[in-house]
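The values are calculated or read from the model by the stated rules, or taken from the named source; none is laboratory data. Note that this is a predicted model, so its numbers are computed, not measured. All Cβ positions, glycine included, derive from the backbone under ideal geometry; neighbour counts span all protein chains shown.
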Amino acid sequence: MTTAPEDWTQRSRDLAEALSRSALGDRGAFKRLYALSSGHLFAVILRIQRDRNLAEDLLQEVYVSAWKAAGSFDAQRAQPLTWLTHIARNKAIDSLRRAQTQPRTESIHPADDDDRPDASQRLVDETPGPAALLERASNARQLGHCMEGLTAQQRQSVALAFFDGLSHAEVAEQLRQPLGTVKSWVRRALMTLKSCLERAARGDAALGA
Amino acid sequence: MDYARQTLADALAAQYVTGTLRGAARRRFETLLPGHPALRAAVADWQARLMPLTAVVVPEAPPTGTWAAIEARLWPAPTSASPAPWWRGLGLWRAASGLATVAAVGLGVLLANPPPQAPPVVVVLQGTEAGGPAVTTFVASVSGDGRALVARPVIPVALPTDRVLELWAVPPQGNPRSLGLVSAAGVTVIRREKLPHALLDNRNTAALAVSVEPPGGSPTGVPTGPVVFAGKLQL
């Protein structure tokens, strides 16, 4: 089961209320916040930090930090789940630096792995690979439209970096491309996304006016 | 901030949120954030752009004890406010392990990485109620391929209709972790994906226990009802 974009919005309202009450010291509201968001955050962490014990510790740290920083959450500027997800991703990425844990780096492009024909098949019955996730994310309206504007290589680089927490060097190793090439794919992909999303937002504003 | 600096700030914020800004550069960037509102705004914009991507990650329920652990870290209970929970008492384990009928045989299989042809692991959980029938036992075993834990009572357990049995892994320190509900009358198979990592590592698990809970299992994440069976893990 995945989270549809509409659910994300609805859940955001419930989360915003739970978070603002948490900022006032309401422990019950904070427990509600945990119930509403922990499954999502745990999954996000697990994709980056694959050691389950470490991932569980990180999840605890996320909520300890969230409770302490709840007062600094600005509901005018940010979505609560965005805010929480960023805390979770940050901790997961930092844990990679500390533990030097290798994230899964099996190949997701079939062409160059003839001696390991099962690599792409294995992804089918395991958790979906980053590329598959990105394809699903493409159902989100504007983001999806803008994702389609990227080249396959750009999409794949962003997916590996964003979902699985790979560094530029790790993405380069995974895709067997020079580091500089991968860096420029990621950079251009992000800039293309940004200008596309901004265009879309301007378009919406024009329609609404 | 001139245009070139603004572009650089935006590019750094993008790499930061994507996660590709690493190491010393990432730490440096984070120390700049509190003093630079423009940088903070750029980060917030990138978060808003990219975080919806994570909506497609399939949620995964964290282990049962996680919330209790968070509560314990945020609001440590006053030391004398409540009596120590049952699993901290050593008496139970002493009593259980002192009984000649308690056996833990063939231990040593790591669930996470079972060696080929590993023998099954069997833990016998002794009835803990003083007045109860002494012969009552619960058996939990890990299948030979390490993929499942099988639990069953030797004799069906009589329970009120509105009560169920829940199986717990009790760590040396901290709260028990639920392994799920188990049948009072027959065999319950708990799949590997429901089992915590390295369950049979004695740094993680000191004992297995079965408690009586309301329908659906413990509402609090830790055992609430009486513990009716317990068996120490000896590796």
Expected output for region A:159-173 (first residue more than 7 Å from chain B (Cβ to nearest Cβ), partner modelled with pLDDT under 90 and not in a helix (DSSP H, G or I), Cβ below 6 Å, 6+ apart or cross-chain) is A:164/A:103
For the condition more than 9 Å from chain B (Cβ to nearest Cβ), over 18 Å from the mean Cα position of the chain (by Cα) and on the phi > 0 side of the Ramachandran plot, what is the one hit in A:25, A:71? A:25
Subset of region A:32-45, residues crowded, with 22+ Cβ neighbours inside 10 Å and either touching a residue at least 60 places away in the same chain (Cβ under 8 Å) or not hydroxyl-bearing (Ser, Thr, Tyr) (or both), comes to A:33, A:40, A:41, A:42, A:44, A:45
Within region A:36-47, the residues that are facing chain B (nearest Cβ under 8 Å) and either touching a helix residue (DSSP H, G or I) at 6+ places or on another chain (Cβ under 8 Å) or on the phi > 0 side of the Ramachandran plot (or both) are A:38, A:40, A:42, A:44, A:46, A:47
From A:51, A:94, residue being closer than 21 Å to residue B:50 by Cβ, of a type in the set (D, E, K, R) and at pLDDT below 95: A:94
When you look at residue B:107, is it in contact with a Leu (Cβ under 6 Å, 6 or more places away or on another chain), farther than 18 Å from residue B:176 by Cα and modelled with pLDDT under 55, yes or no? yes
Tell me whether region B:5-14 contains one or more residues that are buried (at least 21 other Cβ atoms within 10 Å of the Cβ) and either in the same structural domain as residue B:217 (by TED's automatic domain parsing) or in a helix (DSSP H, G or I) (or both). yes
Answer from B:81, B:48, B:61, B:55 - the residue that is modelled with pLDDT under 90 and either among the acidic types (Asp, Glu) or assigned to a loop (DSSP other than H, G, I, E, B) (or both): B:81
Residues that are over 14 Å from residue B:65 (Cβ atoms) and either at pLDDT 75 or above or aromatic (Phe, Trp, Tyr) (or both): find the strands (runs of 3 or more DSSP E) completely inside region B:121-228 holding 3 or more of those. B:137-142, B:148-153, B:188-191, B:207-213
Within region B:19-53, the count of residues that are facing chain A (nearest Cβ under 7 Å), farther than 17 Å from residue A:95 by Cβ and not charged (D, E, K, R) comes to 7
